[in-house]
Amino acid sequence: MTITHRQASINDLKEIIDLLAQDELGKDREQASSEIDQRYADAFHAIDKDPNQYLMVLCDNESIVGTCHLSLMPSLTFTGSTRMQIEAVRVLTSERGKGIGKQMIDFAIDWGKNHGASLFQLTTNKKRPDALKFYEQLGFKPTHEGMKLYLNEGNI
């Protein structure tokens with residue numbers, strides 16, 4: 001299996017939404033259907049036109065097997081460093097356990113380094129203890145307590 005990555009196109013949006021909805025927590029908050037909700041399309045276009053964003057899809061040949069969203073954030077901390085936030089990491093359910101998640105994070109870190117990032121961060125839901133172990137095995141450290149404020153409780 002040869003996994004590659006590329007920037008997502010609008011034609012990938014349905015598959016990306018399906019990946020988000022496959023997730024144990026995403027199944028209750030995402031809207032996977034044959035009709036793409038306009039809010040997803042609007043978000044895609046906002047991400048796509050921002051040079052500090054990279055919506056990555058991982059492919060095995062032509063098939064999408066994973067996705068993540070990378071955001072570069074210039075910062076005054078750490079002497080003006082650039083951070084990269086890694087979000088919405090998903091691997092196709094049938095492809096889990098094959099090392100694709102590790103490859104995705106490796107690709108993400110390489111992309112971030114090539115764009116000036118020197119600090120990489122992510123969050124994982126406390127309801128995902130396996131994900132926490134996975135990220136720790138890759139060298140991430142749980143150094144902070146994350147907090148969120150949801151204005152729409154239906155998005156938890």
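Values in this text are rule-based calculations from the coordinates and carry no lab data. Model, not experiment: these values are computed from the prediction. With ideal geometry, Cβ positions are generated from the backbone for all residues, glycine too; neighbour counts draw on all protein chains shown.
Extension gain, T82-R6: 0.36 nm per intervening residue step, less the Cα-Cα distance, totals 25.2 nm. With neighbour counts taken as other beta-carbon atoms within 10 Å, the residues T4, T82, T143 rank, fewest first, as T143, T4, T82. Across the range 69-82, computed HN-Hα scalar couplings (Karplus, 6.51 cos²θ - 1.76 cosθ + 1.60, θ = phi - 60°) run 10, 10, 10, 8, 9, x, 9, 7, 6, 6, 6, x, 7, 9 Hz from first to last residue, x flagging Gly and Pro. The label-point distance for E24 and K49, in a model that sets each label 7 Å from Cα toward Cβ, rounds to 3.9 nm.
Quick one: of the DSSP bridges fully inside the chain, what percent are antiparallel, nearest 5? Provide the component values of the computation, followed by the final result.
Numbers: 21 of 26 bridges.
Looking only at bridges with both residues in the chain, the antiparallel portion is about 80 percent.
Partners of K98 within straight-line reach, counting lysines whose Cα lies under 24 Å from its Cα and excluding those fewer than 8 residues away in the same chain: K14, K27, K126, K127, K133, K141. Basic side chains Lys and Arg get +1 at the Cβ, acidic Asp and Glu get -1 at the Cβ, and with that the dipole of the range 1-137 about its Cα centre reaches some 500 debye.
Set against the labelled values [x] 2.76; [y] 1.04; [z] 0.93, Cα Rg over 2.2 N^0.38 Å computed from this structure falls on [y].
Put a dot 7 Å past the Cα of S75, heading toward its Cβ, do the same for A41, and the two dots end up 3.6 nm apart. Return the whole-Å distance between the Cα centroid of the range 114-142 and the Cα centroid of the range 22-78. First find each Cα centre; the distance between them is then 17 Å. In loop segments of the range 53-156 as defined by DSSP, the GluC sites (Glu not before Pro) with at most 12 further C-beta atoms inside 10 Å of their C-beta are E62, E145.
Going from the fewest other Cβ atoms within 10 Å to the most, the residues T123, T77 appear in the order T77, T123. Straight Cα distances below 17 angstrom link K113 to the lysines K102, with same-chain residues fewer than 8 positions distant left out.
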